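Each remark here refers to the structure printed beneath this line.
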Amino acid sequence: MKELLLVEAVNDALHVEMERDPAVMVMGQDVGLLGGVFRATAGLQDRYGADRCVDTPLAEAGILGTAVGLCMAGWKPVCEMQYDAFSYPALDQLINHVGRYRWRTRGKMSFPLAIRMPYGGSVRAPELHDDSPETYYVHTPGVKVAIPSTPADAKGLIAAAIRDPDPVVIFEPKLIYRLARGEVPEGEHIVPLGKARIAREGSDVTIIAYGAMVGVAERAAEALESEASCEVVDLRSLKPLDEDGLLSSIAKTGRAIVVQEAPRVCGFAAEVVAVLAERAIFDLRAPVLRVTGYDVPYPYWQLEDAYVPSEARVVDAVRRVLAA
């Protein structure tokens, strides 16, 4: 084991997978000479050359469209979208091509394409650098989606994404790139897609979160220690979703809230609530509540503390669920 920051764990995963498999390559804006704007790809071009760590033009649709052809030619590209909201031009390629190729070939063609991007706010960044667009990707058939909240999971989920025969999008919470520090296994490390993690054991209420919101949920649970025993579930994988893991926690606690940074309407929290309504209705002792961002464009940095779900908002939701 070694202790790494989350962004260092991302870098470690890419080094290990590129060393293990010569078909793995990285491509994106500034990923080579600069090592990425967050230095997540530092050292890759020096070690593996400009043919396997490729600096691309500023054209997200071109990055992903090129990766489609590379996949069909036998490569395993890892595309970096420099920021969350920069990825929207690439949705055309993702929806119309990336998500459909295995379906078009009836499973005869694998499509091992990984797409990485930093996401989320609270970093005092300008507009178009703070979005949480995970629902667009989860809603696309044929595409898997993972979001780590710890360095070990960042390394393990990226490795799993690269090795998966389906395309996988990995959202990396930029807020905790250099805040989350933890032990990470050396060498090869896999965290299976579709398996949630119990971040904190509890018996009275389940707080479901992912990405940077896991830390918010854990701090809220700690603040409530004298009032309630809160279990924190880190989804890690949004698609496939670990429904059985969620049901197991709800069967124990009987109450749940879901925390997401994205706007409320049609956010991923709504999908989680729907699953619980369909499959856990007889275990629930109270309505499931959501703590989310608001249905407005992400605000300028002077207002973002009021926009992003806070420990206080989670604590309030837990108290309301317990009183229901």
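Quick notes on this structure:
- When the residues of the range 1-22 are filtered to those that are in contact with a Phe, Trp or Tyr (Cβ under 6 Å, 6 or more places away or on another chain) and under 21 Å from residue 178 (Cβ atoms), the one that is surrounded by the fewest Cβ atoms within 10 Å (Cβ to Cβ) is 7.
- Any chance residue 25 is on the phi < 0 side of the Ramachandran plot and surrounded by 22 or more Cβ atoms within 10 Å (Cβ to Cβ): no
- Residue 43 vs. criteria on the phi > 0 side of the Ramachandran plot and buried (at least 18 other Cβ atoms within 10 Å of the Cβ): no
- Those residues of the range 235-248 which are surrounded by 24 or more Cβ atoms within 10 Å (Cβ to Cβ) and among the small types (Gly, Ala, Ser), in sequence order: 237
- Residue count, the range 118-164 (criterion: touching a strand residue (DSSP E or B) at 6+ places or on another chain (Cβ under 6 Å) and of a type outside the set (A, V, I, L, M)): 11
- The number of residues in the range 191-204 being of a type in the set (A, V, I, L, M) and loosely packed, with under 15 Cβ neighbours inside 10 Å comes to 1.
- Note on the range 1-107: enclosed helices (runs of 4 or more DSSP H) holding 1 or more residues that are within 21 Å of residue 163 (Cβ to Cβ) and touching a residue at least 40 places away in the same chain (Cβ under 8 Å) are 6-20, 60-72, 101-104.
- For the residues 218, 183, 225, 188, the requirement of being modelled with pLDDT of 95 or more, more than 17 Å from the chain's Cα centre (by Cα) and in a helix (DSSP H, G or I) singles out 218.
The values are calculated or read from the model by the stated rules, or taken from the named source; none is laboratory data. If you're wondering where the values come from, they're calculated on a predicted model, not measured in any experiment. Positions of Cβ are generated from backbone atoms using ideal geometry, with glycine treated the same way; all protein chains shown enter the neighbour counts.
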